[in-house]
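The values are calculated or read from the model by the stated rules, or taken from the named source; none is laboratory data. Being a predicted model, the structure only gives us computed values, none of them experimental. In this analysis, Cβ positions are derived from the backbone assuming ideal geometry, glycine residues included, and neighbour counts consider all displayed protein chains. In case anyone asks, the SASA skips ligands and DNA or RNA and just uses the protein heavy atoms, side chains included. Shrake-Rupley method; radii C 1.70, N 1.55, O 1.52, S 1.80 Å.
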Amino acid sequence: MKRHFWKMHGIGNDYIYFDCFDWFPSDPSAVAVTLSDRHFSVGGDGVVYICRSEKADGRMRMFNADGSEGKMCGNAIRCIGKFLYEVKGIRKDVLTVETESGVKTLALTAEDGIVQSVRVDMGAAELRPAQIPAAFAGERAVDVPLDVSGTQYRVTCVSMGNPHCVTFVDDPYALDLEKLGPQFEHHAAFPARVNTEFVRVDGRNELTMRVWERRSGETWACGTGACAAAVAGVLNGFCGQGEEITVHLRGGDLAVCVTADAVFMTGPAAFAFEGEADI
């Protein structure tokens with residue numbers, strides 16, 4: 001059966017979106033695997049199903065390109081805010097979206113009916129290793145050593161609804177991420193695998209990063225990864241709590257603010273094109 005889809009992206013982190021307020025595919029994982037193929041199908045980092053919610057304005061079901069379901073995606077949720085506002089006609093400045101890691105609140109900035117940016121309350125960062133999960137002792141894993149294939153890195157571990165490992169490096173663009181990324185992702189210290197951010201400190205409250213996402217490989221942007229990098233920047237003294245932190249990613253910039261109780265992420269969302277797919 002043919003179903004309409006929208007291709008959207010948040011600074012290059014691109015997904016295929018379906019309006020599932022009145023239907024849902026019988027095999028959402030298989031749809032994600034098929035449609036995410038960049039050579040033989042639409043192409044994307046995964047598929048997002050925008051569903052009804054009994055507790056929010058909408059619900060996000062996000063499936064990675066390998067068919068696995070993700071709990072949270074910062075770039076995708078901004079796109080959902082734009083979709084609910086512009087396509088579904090839910091014209092509210094503040095929207096709520098149910099995710100597998102809880103209900104998130106979105107503040108939208110719109111001009112002439114077009115959403116320009118979305119600020120997401122991502123909730124509090126989880127730092128307890130057992131809850132991330134990460135196999136480190138103690139209440140936090142901040143600037144701790146990690147041996148990766150014979151090379152020692154200093155890492156900080158954070159969960160933003162999904163697990164992240166942040167390591168500060170001299171130049172993230174000098175790294176062979178196709179080799180290094182999987183070594184972190186499948187490291188024994190991370191029983192659920194891990195997203196890894198390779199971050200350079202450009203100045204106070206300014207970071208540049210590349211990200212290797214578990215199950216997807218390198219992506220042009222990762223909203224939860226940018227939040228994790230900012231949290232790690234605060235914990236390691238490179239950034240200020242309560243101050244705006246600019247995070248440069250391959251696809252563009254995100255603004256992150258880390259407070260004592262929550263992490264706020266602000267960035268754009270954009271439509272690329274729309275079409276129909278047999279699913």
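Per-structure values
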{"quantity": "Three-way shape call for the stretch 1-133 based on the alpha-carbon gyration tensor, with the a/c threshold at 1.5", "calculated": "oblate"}
{"quantity": "Sequence of Thr208, Thr34 when ordered by accessible area, the most exposed leading, probe 1.4 angstrom", "calculated": "Thr34, Thr208"}
{"quantity": "Efficiency of FRET between Gln116 and Lys179 - r from beta-carbon atoms, R0 41 angstrom, step 0.05", "calculated": "0.60"}
{"quantity": "Charge tally in the Cβ shell below 11 Å around Thr259, where Lys, Arg are +1 and Asp, Glu are -1, Thr259 excluded", "calculated": "-3"}
{"quantity": "Accessible surface of the stretch 41-196 [probe 1.4 Å, protein heavy atoms]: carbon and sulfur percent", "calculated": "43"}
{"quantity": "Computed label-point distance, nm, for sites Val87 and Ser26 using a 7 Å Cα→Cβ extension", "calculated": "2.4"}
{"quantity": "C-alpha center-to-center spacing [the stretch 212-259, the stretch 23-66] in angstrom", "calculated": "24"}
{"quantity": "At least 20 Å along the helix axis (C-alpha) and Kyte average at least 1.0, DSSP helices within the chain", "calculated": "none"}
{"quantity": "Residues whose placed amide H lies under 5 Å from that of Ala141, excluding near-sequence neighbours", "calculated": "Cys157"}
{"quantity": "Table column - 3J(HN,Hα) (Hz), the stretch 97-113, Karplus curve with 6.51, -1.76, 1.60, x for Gly and Pro", "calculated": "10, 7, 10, 6, 10, x, 8, 10, 9, 10, 9, 9, 10, 10, 10, 6, x"}
{"quantity": "Ser41 - accessible surface, heavy atoms, 1.4 Å probe, Å² rounded to 10", "calculated": "40"}
{"quantity": "The chain - percent relative contact order, Cα under 8 Å, separation 6 or more", "calculated": "20"}
{"quantity": "Largest to smallest accessible area among His39, His248 [probe 1.4 Å]", "calculated": "His39, His248"}
{"quantity": "Accessible area per residue in Å² at 1.4 Å probe, computed on the chain", "calculated": "41"}
{"quantity": "Chymotrypsin sites (Phe, Trp or Tyr not before Pro) within the stretch 20-120: DSSP coil, no more than 15 neighbouring Cβ in 10 Å", "calculated": "Phe21, Trp23, Phe40"}
{"quantity": "Positive-end extreme of charge dipole, the chain - chosen from Leu254, Phe83, Tyr173 (charges on Cβ)", "calculated": "Phe83"}
{"quantity": "Contour minus Cα-Cα distance for Ser53 and Arg38 (0.36 nm per residue)", "calculated": "2.3 nm"}
{"quantity": "Distance between modelled label sites at Arg140 and Ala260, nm, 7 Å Cα→Cβ extension", "calculated": "1.4"}
{"quantity": "Scattering profile of the stretch 199-267 at q = 0.12, 0.27 Å⁻¹ [log10 I(q)/I(0), Debye over alpha-carbon scatterers]", "calculated": "-0.26, -1.20"}
{"quantity": "Loop sites in the stretch 9-96: GluC sites (Glu not before Pro), DSSP, at most 16 other Cβ within 10 Å", "calculated": "Glu54"}
{"quantity": "Spin-label model distance (nm) - Val103 vs Arg3, 7 Å beyond Cα toward Cβ", "calculated": "2.5"}
{"quantity": "Loop-located trypsin sites (Lys or Arg not before Pro) in the stretch 50-106 whose Cβ has at most 10 other Cβ within 10 Å (DSSP)", "calculated": "Lys55"}
{"quantity": "Theoretical ellipticity at 222 nm over the chain - DSSP helices of four or more residues, -39500 (n - 2.57) apiece, nearest 500", "calculated": "-5000 deg cm²/dmol"}
{"quantity": "Cα-Cα over 22 Å, subset of Lys7/Lys88; Lys7/Lys82; Lys55/Lys82; Lys2/Lys104; Lys7/Lys55", "calculated": "Lys2/Lys104; Lys7/Lys55"}
